[in-house]
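Novice: Quick one: the structure is below, questions incoming.
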Amino acid sequence: MIQTRGLCYRYPGGSELRFPDVEVPHGAVLLLSGPSGSGKSTWLALVAALVAPSAGTLHVADQAMGDLRGATADAWRAAHIGFLPQKLHLSAALTVQQNLAMAQWAAGRAEDKARIHATLQALGVAELAGRLPHQLSGGQAQRVALARAVLLKPRVVLADEPTASLDDEAAAQAVRLLHTTAQQHGATLVIATHDARVASLLTAQEGDGLGQIGFSRLSLAREQLSK
Ligand SMILES: Nc1ncnc2c1ncn2[C@@H]1O[C@H](COP(=O)(O)OP(=O)(O)OP(=O)(O)O)[C@@H](O)[C@H]1O
């Protein structure tokens, strides 16, 4: 669940960004769209408790975000937020298995090989566990990064431009994979994108009967920057 009211963020010495209110039920999908510079990354950073709002209220997975600071915010993020960044940030020197184990260590948990295997298997990439990132195709690397994002069973999955530089077929596959994976984990999914194809892909997903709750939209415009 994500709920915002009068949410604003001001970069030090910069303009204030004001975000429209949203209410995304648990397990639903939010399409966060808008042109470059409209505030998508900032909104994701607020939801992930990487930065604190300058005004307004924000609740994510039943947590009031204004109350979270420092190490508490880090621990909360590790436990509840799965992040699929545009640049996948797999550690080049570590195997697929070790990249996922790293996520468990970073969250202060013991390495759980069975869980890593099951998560990779659910995404069809278990046989790649011993490979290094440079030995993966782009699509395989994205599956591995998604496995890492959902490994700790987050309540919210944030995907930043997951279809950038993908052709139509690969983009459809990426959106389907994100949607079904988030649903399997009962997680709320946010897809931040300026790719117009994603809205029609999500609509098609619903038509296929894959979505039960539906998706909502948060469309940002550069004009929301107050001068
Ligand atoms: N560190 C910063 N200091 C000051 N202003 C910033 C900073 N980071 C971003 N901004 C400004 O905040 C606004 C929103 O930026 P943001 O990166 O959130 O947009 P975006 O929609 O994610 O863009 P893109 O699609 O290009 O990644 C922009 O006007 C940007 O210039």
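The values are calculated or read from the model by the stated rules, or taken from the named source; none is laboratory data. It should be emphasised that the depicted structure is a prediction, and the values quoted were computed from it without experimental measurement. Here the Cβ positions follow ideal geometry from the backbone for every residue, glycine too, while neighbour counts run over all protein chains shown. These area figures cover heavy atoms from the full protein model, side chains too; ligands, DNA and RNA do not enter into them. Shrake-Rupley method; radii C 1.70, N 1.55, O 1.52, S 1.80 Å.
Novice: Looking at (1) over 26 Å from Trp76 (Cβ atoms); (2) in contact (Cβ under 8 Å) with a residue 24 or more places away in the chain; (3) open to solvent by 30 Å² or more (accessible area, probe 1.4 Å), which one does Ala172 not meet, given that it meets all the others?
Specialist: Every condition holds for Ala172 apart from (3).
Novice: Could you tell me how many of the residues in segment 4-14 are open to solvent by less than 50 Å² (accessible area, probe 1.4 Å) and touching a strand residue (DSSP E or B) at 6+ places or on another chain (Cβ under 6 Å)?
Specialist: So in segment 4-14, the residues open to solvent by less than 50 Å² (accessible area, probe 1.4 Å) come out as 4, 6-9, 14.
Remaining after also requiring touching a strand residue (DSSP E or B) at 6+ places or on another chain (Cβ under 6 Å): 4, 6-9.
Total meeting the criteria: 5.
Novice: Conditions first: (1) surrounded by fewer than 15 Cβ atoms within 10 Å (Cβ to Cβ); (2) in contact (Cβ under 8 Å) with a residue 12 or more places away in the chain; (3) within 24 Å of Ala192 (Cα to Cα). His134 passes all but one, so which condition is the exception?
Specialist: For His134, the exception is condition (3).
Novice: Scan segment 13-56 residue by residue and report those that are of a type outside the set (A, V, I, L, M), at negative phi and in a loop (DSSP other than H, G, I, E, B).
Specialist: Initial filter on segment 13-56 (of a type outside the set (A, V, I, L, M)): 13-16, 18-21, 23, 25-27, 33-43, 53-54, 56.
Filter once more, so that each one left must be at negative phi: 14-16, 18-21, 23, 25-26, 33, 35-36, 38, 40-43, 53-54.
Within segment 13-56, Gly14, Ser15, Phe19, Pro20, Asp21, Pro25, His26, Pro35, Ser36, Ser38, Pro53, Ser54 qualify.
Novice: Here is a follow-up. Since Lys40 meets every condition but one in (1) of a type in the set (D, E, K, R); (2) within 16 Å of the ligand (Cβ to nearest atom); (3) without any contact (Cβ under 8 Å) to a residue 60 or more places away in the chain, which condition does it not meet?
Specialist: It fails just one condition, (3).
Novice: Residues to consider are Ala55, Ala49, Ala61, Ala71; find the one that is hydrophobic (A, V, I, L, M, F, W, C), touching a residue at least 24 places away in the same chain (Cβ under 8 Å) and surrounded by fewer than 17 Cβ atoms within 10 Å (Cβ to Cβ).
Specialist: On the way: Ala49 fails: surrounded by fewer than 17 Cβ atoms within 10 Å (Cβ to Cβ); Ala61 fails: surrounded by fewer than 17 Cβ atoms within 10 Å (Cβ to Cβ); Ala71 fails: touching a residue at least 24 places away in the same chain (Cβ under 8 Å).
Unique residue meeting the criteria: Ala55.
Novice: Could you check segment 4-34 and list, in sequence order, the residues that are within 7 Å of the ligand (Cβ to nearest atom) and touching a residue at least 60 places away in the same chain (Cβ under 8 Å)?
Specialist: If the condition is that a residue be within 7 Å of the ligand (Cβ to nearest atom) and touching a residue at least 60 places away in the same chain (Cβ under 8 Å), then Ser15, Leu17, Gly34 are the ones that fit.
Novice: Answer yes if at least one residue in segment 128-147 is in a loop (DSSP other than H, G, I, E, B) and touching a strand residue (DSSP E or B) at 6+ places or on another chain (Cβ under 6 Å), and no otherwise.
Specialist: Of the residues in segment 128-147, the ones in a loop (DSSP other than H, G, I, E, B) are 129-132, 136-137.
Still in the list and also touching a strand residue (DSSP E or B) at 6+ places or on another chain (Cβ under 6 Å): none.
Checked against the condition, which is being in a loop (DSSP other than H, G, I, E, B) and touching a strand residue (DSSP E or B) at 6+ places or on another chain (Cβ under 6 Å), segment 128-147 yields no hits at all.
Novice: To continue, here is another question. Within segment 77-92, how many residues are in contact with a helix residue (DSSP H, G or I) (Cβ under 9 Å, 6 or more places away or on another chain) and either open to solvent by less than 40 Å² (accessible area, probe 1.4 Å) or assigned to a loop (DSSP other than H, G, I, E, B) (or both)?
Specialist: 10
Novice: From (1) open to solvent by less than 40 Å² (accessible area, probe 1.4 Å); (2) within 16 Å of Cys8 (Cα to Cα), pick out the condition that doesn't hold for Gly37.
Specialist: (1)
Novice: Another one. Collect the residues in segment 59-76 that are part of a helix (DSSP H, G or I) and not aliphatic (A, V, I, L, M), keeping them in residue-number order.
Specialist: The first filter runs over segment 59-76 and keeps only residues part of a helix (DSSP H, G or I), leaving 65-67, 70-76.
Gly66, Asp67, Gly70, Thr72, Asp74, Trp76 - these are the residues of segment 59-76 that are part of a helix (DSSP H, G or I) and not aliphatic (A, V, I, L, M).
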